[in-house]
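To start, the structure under review is shown below, and the notes come after it.
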Amino acid sequence: MDEFDKEPTKEQKIWQVVAAIPQGKVASYGQVAAMAGLGRQARFVGRALGKLPAGHSIPWHRVIRSNGQIAFPEGTETCQLQTEKLRLEGVDVYKGRVKMKDFQWQP
DNA sequence: AGCGTGACGTAGG
DNA sequence: TCCTACGCCACGC
């Protein structure tokens, strides 16, 4: 079992945190980084989400910028997908942004 | 080993 | 509220 219990990678820590975000709530990249014990590596969080393996069940769409904006340019497919996923969970997305004050996850 | 990069963040105008 | 500039820092080439 030693070979099984390797230290989780930073990506895995991030995914773990993201997986803990409840439906209908959102968190910022910086928030996720801090909660994963990674300090200010907000950018690394975005990268980690880009490395998500196929068939995952990570709610990546609940992670947005600290100012409430979707991290993708409007018009891109990824942005639209994220927007719809959030709306399906009851998160109000207007002009590619979310009111953090109302939907930010507070553990 | 050095350098550009980026699903970011904060400050200032 | 929108836009610009600068800071951050591990990763990958």
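The requirement of being modelled with pLDDT under 95, among the acidic types (Asp, Glu) and out of contact with any Leu (no Cβ under 7 Å at 6 or more places or on another chain) is fulfilled somewhere in segment A:7-26, by at least one residue.
Of the residues making up segment A:37-54, just one is near DNA strand C (Cβ under 6 Å from one of its atoms) and within 17 Å of A:ALA19 (Cα to Cα), namely A:PHE44. A:ILE70 meets all of the listed conditions (1) without any contact (Cβ under 8 Å) to a residue 40 or more places away in the chain; (2) under 26 Å from A:PRO8 (Cα atoms) but one, namely (2). Can you find even one residue in segment A:83-95 that is more than 12 Å from DNA strand B (Cβ to nearest atom), touching a helix residue (DSSP H, G or I) at 6+ places or on another chain (Cβ under 7 Å) and farther than 22 Å from A:GLU7 by Cα? Yes: segment A:83-95 contains one or more residues that are more than 12 Å from DNA strand B (Cβ to nearest atom), touching a helix residue (DSSP H, G or I) at 6+ places or on another chain (Cβ under 7 Å) and farther than 22 Å from A:GLU7 by Cα. Quick check on segment A:47-59. Is at least one of its residues touching a strand residue (DSSP E or B) at 6+ places or on another chain (Cβ under 8 Å) and over 20 Å from A:LYS10 (Cβ atoms)? So far as segment A:47-59 goes, no, none of its residues is touching a strand residue (DSSP E or B) at 6+ places or on another chain (Cβ under 8 Å) and over 20 Å from A:LYS10 (Cβ atoms).
Selection of first residues in segment A:81-107 that are within 16 Å of A:GLN31 (Cβ to Cβ) and touching a residue at least 40 places away in the same chain (Cβ under 8 Å) and of second residues that are loosely packed, with under 11 Cβ neighbours inside 10 Å and small (Gly, Ala, Ser), restricted to Cβ pairs under 8 Å at least 6 apart or on distinct chains, gives an empty result. If the condition is being within 11 Å of DNA strand B (Cβ to nearest atom) and more than 21 Å from A:VAL93 (Cα to Cα), then segment A:16-38 contributes A:ALA33, A:ALA34. Selection of segment A:56-107 for residues being among the acidic types (Asp, Glu), within 16 Å of DNA strand C (Cβ to nearest atom) and at pLDDT 95 or above yields A:ASP92, A:ASP102.
The values are calculated or read from the model by the stated rules, or taken from the named source; none is laboratory data. This one's a predicted model, so the numbers in the text were calculated from it and none came from an experiment. Every residue, glycine among them, receives a Cβ derived from its backbone with ideal geometry; neighbour counts consider all protein chains shown.
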